[in-house]
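Written out below as structure tokens is the structure these notes cover.
The values are calculated or read from the model by the stated rules, or taken from the named source; none is laboratory data. In this text the structure is predicted, and so the values were computed from the model without any measurement. Counting neighbours? That spans all protein chains shown, and the Cβs are built from the backbone with ideal geometry, glycine included.
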Amino acid sequence: MARSVKESDDRREMASTSALIMAGSRPAGDPMAKSRGIAVKALIPVAGKAMLAQVAETLLKHSKIGNLYLLAQDFEPFWEHPDTQALKSDDRVIAETSSATIASSLDRVLERGDMRFPVLITTADNVLLSDQMIGDFLSAAGSADIAIAVVEKETLLQRYPASQRTWLKLRGGQYSGANLFYFGSPKARQILQYWAAVEQDRKKGWKILTIFGPWLLFLAVTRMLTIDQLATKVGRKLGLNIKIVSMTQAEACIDVDKESDLVMVEQIIAGRA
């Protein structure tokens, strides 16, 4: 049954967090999309539905999420696709054309006068995103200026031993990014200038540390810091409260970067069903 105008207004008032999905394409295109004759990676079907449609639906259904921003170079493929064309007419969905880099694109969206903080940022290939993940992450982020979701290696491999990820090795554990980021206030935007400097090497977790000086890099690569201590030190450099959120759901760090990921994700979704 369609939601009434009053119900929609009440829900919007209760929602406290904006959401943003990065759904753009690489400059040279994505090999997985090309091999399927699909315009953009975000439209690759997983379990019978385009990835972007699944992630958007999960976010829009969550009680804490208000407006949803889509960031991409070209929206025509989305508006023409049966799985995502309804997003064009949803009054909670705002389409923003991306610029040359991820960092500059995010910064332009986040500086909008109507942007409501905090903002939850994720990607279109994060198709295993669930209501519980969103709730757990937002609850743990609390009053942080920036929160970054990770999954510990042990958490992932206990459940999915065949999964292969890129690991950041620090004192006390190894971690993989979970494609969930939280910007608690406009001042968190300042980290994007550092993101811009290293985003081409974003799979190398240590790369960003070179910007904050050789001593911090040394402490990290010699594993003299825990991940929380590292976040605290970087935060002090920036005058920000940065929080690392270790997710309990192993699926939080399984996105669709390659064919083997797609096979695993479809198996997980089939298991849920």
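Taking every residue in the stretch 125-153 that is under 22 Å from T226 (Cα atoms) and surrounded by fewer than 20 Cβ atoms within 10 Å (Cβ to Cβ) and pairing it with any residue that is among the polar types (S, T, N, Q) and modelled with pLDDT under 95, at least 6 positions away or on another chain, the pairs with Cβ-Cβ distances below 6 Å are K153/Q174.
For the stretch 154-178, a residue qualifies if it is without any contact (Cβ under 8 Å) to a residue 40 or more places away in the chain, in contact with a helix residue (DSSP H, G or I) (Cβ under 9 Å, 6 or more places away or on another chain) and either within 21 Å of K237 (Cα to Cα) or not hydrophobic (A, V, I, L, M, F, W, C) (or both), and exactly one does: Q174.
Kindly check whether there is at least one residue in the stretch 163-172 that is modelled with pLDDT of 55 or more, in contact with a Gly (Cβ under 7 Å, 6 or more places away or on another chain) and within 13 Å of V151 (Cα to Cα). Within the stretch 163-172 (the criterion being modelled with pLDDT of 55 or more, in contact with a Gly (Cβ under 7 Å, 6 or more places away or on another chain) and within 13 Å of V151 (Cα to Cα)), the answer is yes, since at least one residue qualifies.
The criterion of being surrounded by 15 or more Cβ atoms within 10 Å (Cβ to Cβ), at pLDDT 90 or above and within 22 Å of A140 (Cα to Cα) holds for D255. Summed over the stretch 251-260, residues that are out of contact with any strand residue (DSSP E or B) (no Cβ under 6 Å at 6 or more places or on another chain) and under 29 Å from A144 (Cβ atoms) total 4.
For the stretch 77-98, the candidate set comprises residues that are surrounded by 14 or more Cβ atoms within 10 Å (Cβ to Cβ) and hydroxyl-bearing (S, T, Y); within that set, the residue that is modelled with the lowest pLDDT is S98. Listed by position, the strands (runs of 3 or more DSSP E) inside the stretch 50-162 whose residues that are closer than 21 Å to V265 by Cα number at least 3 are 119-123, 146-152. Scanning the stretch 49-78 for residues that are without any contact (Cβ under 8 Å) to a residue 60 or more places away in the chain, among the hydrophobic types (A, V, I, L, M, F, W, C) and either closer than 20 Å to A103 by Cα or out of contact with any helix residue (DSSP H, G or I) (no Cβ under 7 Å at 6 or more places or on another chain) (or both) yields A53, L60, L68, L70, L71, A72, F75. Residues in the stretch 13-38 that are modelled with pLDDT under 80 and among the acidic types (D, E): E13 alone. Every condition in (1) assigned to a helix (DSSP H, G or I); (2) under 29 Å from L110 (Cα atoms); (3) polar (S, T, N, Q) holds for T166 except the one numbered (1). The set of residues in the stretch 166-185 that are under 19 Å from G135 (Cα atoms) and small (G, A, S) comprises G177, A178, G184, S185.
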